[in-house]
Amino acid sequence: MHGPTSRCPMMPTSRRCPVAEPALVLASASPRRRDLLSVLGLEFDVDPADIDEGVRPGEAPLAYVRRVASCKATTVAARNPAAVVLAADTTIDLDGVILAKPVDAADAVRMLEALSGREHLAHTAVAVATGGLLNVVEVTTTVRMRPLVRSEIDWYVETGEPLDKAGAYAIQGGAACFVESVAGSVSNVVGLPMAETVAALRAAGVVVCSR
């Protein structure tokens, strides 16, 4: 769902954001991102950004996820100035067309029919804001779905699972039986590329996967 429009504080871009033992804030209401981040054993607060995630006219998929993730991170960093703020945004790219979250069940059916028997791209931008600096990295995974018949699409949509997912599917859920192959990060398709997220958090001074 799209929240009210908010302005995004501007921050200079940097590949390194040095902070000593900072608090960590996840700028997302996504339970998938929360679960993935919890796997790392980190303590963190959740503070969703509540921004307008609408696609701008002519906006390319990678530019879209970068803009939205950056806006989430800077918005939440403005009210958590002493923290490291982690944000992300994921979309599905079918031949350059953005498949965001479906607006209803009929839209979910339309998306799954379009993805059936095709390769598509899953893009996630990970943004880390801290100390007035912003670090953004984009990750792309190639996913191929097997040909789907209408009865299984209807079954899946009726579960309700696709209705809050970009591209109308969850690779970690019932749609796992639709996916024929994956080239790249699987966690990226879920919504948070773990290897790149760990690298970005370490660059911000967060101790991750270490004693």
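Of note:
- Helices (runs of 4 or more DSSP H) fully within the range 13-127 counting 2 or more residues that are of a type in the set (Ser, Thr, Tyr): 61-79
- Hey, Ser70 in contact (Cβ under 8 Å) with a residue 12 or more places away in the chain and in contact with a Cys (Cβ under 9 Å, 6 or more places away or on another chain) or not: yes
- On the stretch given as the range 1-53, residues that are crowded, with 17+ Cβ neighbours inside 10 Å, of a type outside the set (D, E, K, R), in contact with a strand residue (DSSP E or B) (Cβ under 9 Å, 6 or more places away or on another chain) and at pLDDT 75 or above total 10.
- Among the residues of the range 98-127, those identified as free of Cβ contacts under 8 Å to residues at least 24 places away in the same chain and closer than 21 Å to Gly191 by Cβ are Val103, Ala114.
- The set of residues in the range 172-194 that are touching a residue at least 40 places away in the same chain (Cβ under 8 Å) and small (Gly, Ala, Ser) comprises Ala183, Gly184, Ser185, Ser187, Gly191.
- Restricting the range 157-187 to residues that are acidic (Asp, Glu) and surrounded by fewer than 16 Cβ atoms within 10 Å (Cβ to Cβ), the residue that is nearest to Pro147 (Cα to Cα): Glu180
- Across the range 177-201, the qualifying residues are those that are polar (S, T, N, Q) and not in a helix (DSSP H, G or I), and the one among them that is farthest from Gly132 (Cα to Cα) is Ser181.
- Qualifying residue in the range 202-211 (condition: surrounded by 17 or more Cβ atoms within 10 Å (Cβ to Cβ), of a type outside the set (A, V, I, L, M) and assigned to a helix (DSSP H, G or I)): no
- The range 75-108 - residue that is among the small types (Gly, Ala, Ser) and over 16 Å from the mean Cα position of the chain (by Cα) and, of those, surrounded by the fewest Cβ atoms within 10 Å (Cβ to Cβ): Gly96
- Residue, surrounded by the most Cβ atoms within 10 Å (Cβ to Cβ), within the range 188-201, restricted to residues that are within 11 Å of the chain's Cα centre (by Cα) and aliphatic (A, V, I, L, M): Val189
The values are calculated or read from the model by the stated rules, or taken from the named source; none is laboratory data. This is a predicted model, so every value here is computed, not measured. Note: ideal-geometry Cβ built from the backbone for every residue, glycine included; neighbour counts use all protein chains shown.
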